[in-house]
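J.: Just dropping this structure here.
The values are calculated or read from the model by the stated rules, or taken from the named source; none is laboratory data. As the structure is a prediction and not an experimental result, all values here were calculated from the model. All Cβ positions, even for glycine, are placed from backbone atoms using ideal geometry, and neighbour counts span all protein chains on display.
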Amino acid sequence: MSFFSNLAHQISANATDAPRRSSFVSVMHAEDVDELVEKVRGYHLAFTQIDKGPFAATLVQTELAGVLLSAIQYGRSLIHTGEPPSGKITFAVGMSGRPARWQGHDLGLHDLRVLLTSGAEIDLVTQPGFGIATACFPLDLVKATADNLGLPPIAHGANSLVIPLERSKANMLRALFNTTFRDAVAMPQGKRAANWSVTKQEDLLGICSAVQPMPRLRRSRPAIGSGPA
């Protein structure tokens, strides 16, 4: 099964545990754009479909200790506009090999996108089958992690940046996203499980932060399209 199919299966199998969790784990299969926009948490999104056919998307989200993780796959070609969660820094990596354009530039499978908390805009064009995973961390946590790792602060003067990763690092990041989602769903309820999930999130943030010193900056510009992810 695909990354998204696996997540949906795992969440369905653990649905009876959901009411007891201090965090939330949710999955939805949307066949309507408005339904997706209404149900997605944290983001302010708008979509314009640019090909023919019924809309389809699969969304998985989980949140623990103020960290919001999302994974989504789209069935149609779309223009995405909007804003990421406020008060957080968002890291995003592609989970499929489908082509995409970010702020007017081709987006590679191994590119890491970073949206800063103030003024960042989502400006994305995707093809059918495009999948993405995102992690939104509180700003203070990102700063503290960078300090602990002895890293410089995230670049100033840009609302967003794109960092080309080595294939091995990008694959490691995707694998860690997968593990973090799986553990959030599968781990039994309790303090030990919560601590384990937080540790996985810290590992994820550590990898994202460690690639900060060599960014390829792209300033935000007005969103495309007529009128995340």
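J.: Restricting to the range 43-73, give me the number of residues that are touching a helix residue (DSSP H, G or I) at 6+ places or on another chain (Cβ under 7 Å), more than 24 Å from residue 97 (Cβ to Cβ) and part of a loop (DSSP other than H, G, I, E, B).
T.: Residues flagged as touching a helix residue (DSSP H, G or I) at 6+ places or on another chain (Cβ under 7 Å), more than 24 Å from residue 97 (Cβ to Cβ) and part of a loop (DSSP other than H, G, I, E, B) within the range 43-73 amount to 1.
J.: In the range 100-155, how many residues are farther than 21 Å from residue 59 by Cβ, among the small types (Gly, Ala, Ser) and touching a Leu at 6+ places or on another chain (Cβ under 8 Å)?
T.: 1
J.: Give all pairs with beta carbons closer than 6 Å in which a residue from the range 193-206 that is over 17 Å from residue 146 (Cα atoms) and among the hydroxyl-bearing types (Ser, Thr, Tyr) meets a residue that is surrounded by 15 or more Cβ atoms within 10 Å (Cβ to Cβ) and modelled with pLDDT of 75 or more; count only pairs at least 6 apart in sequence or on separate chains.
T.: Partner pairs satisfying both residue conditions: 197/64.
J.: Pick out, from the range 119-210, the strands (runs of 3 or more DSSP E) lying fully within it that include 3 or more residues that are touching an Asp or Glu at 6+ places or on another chain (Cβ under 9 Å) and modelled with pLDDT of 85 or more.
T.: Values: elements: 122-126, 131-138, 160-164.
Strands (runs of 3 or more DSSP E) meeting the threshold: 160-164.
J.: Which residues, counting only those in the range 93-108, are within 18 Å of residue 173 (Cβ to Cβ), over 14 Å from the mean Cα position of the chain (by Cα) and crowded, with 17+ Cβ neighbours inside 10 Å?
T.: To start, the set of residues in the range 93-108 that are within 18 Å of residue 173 (Cβ to Cβ) comprises 93-98, 100, 102, 107-108.
Checking the rest, the ones that are also over 14 Å from the mean Cα position of the chain (by Cα) come to 97-98, 100, 102, 107-108.
The answer is 98, 100, 102, 107.
J.: Something else now. What is the residue count in the range 47-92 for residues that are over 11 Å from the mean Cα position of the chain (by Cα) and within 18 Å of residue 104 (Cα to Cα)?
T.: Here the count works out to 11.
J.: Just the residues that are surrounded by 21 or more Cβ atoms within 10 Å (Cβ to Cβ) and over 27 Å from residue 119 (Cα atoms), please, taken from the range 25-56.
T.: Selection gives 25 alone.
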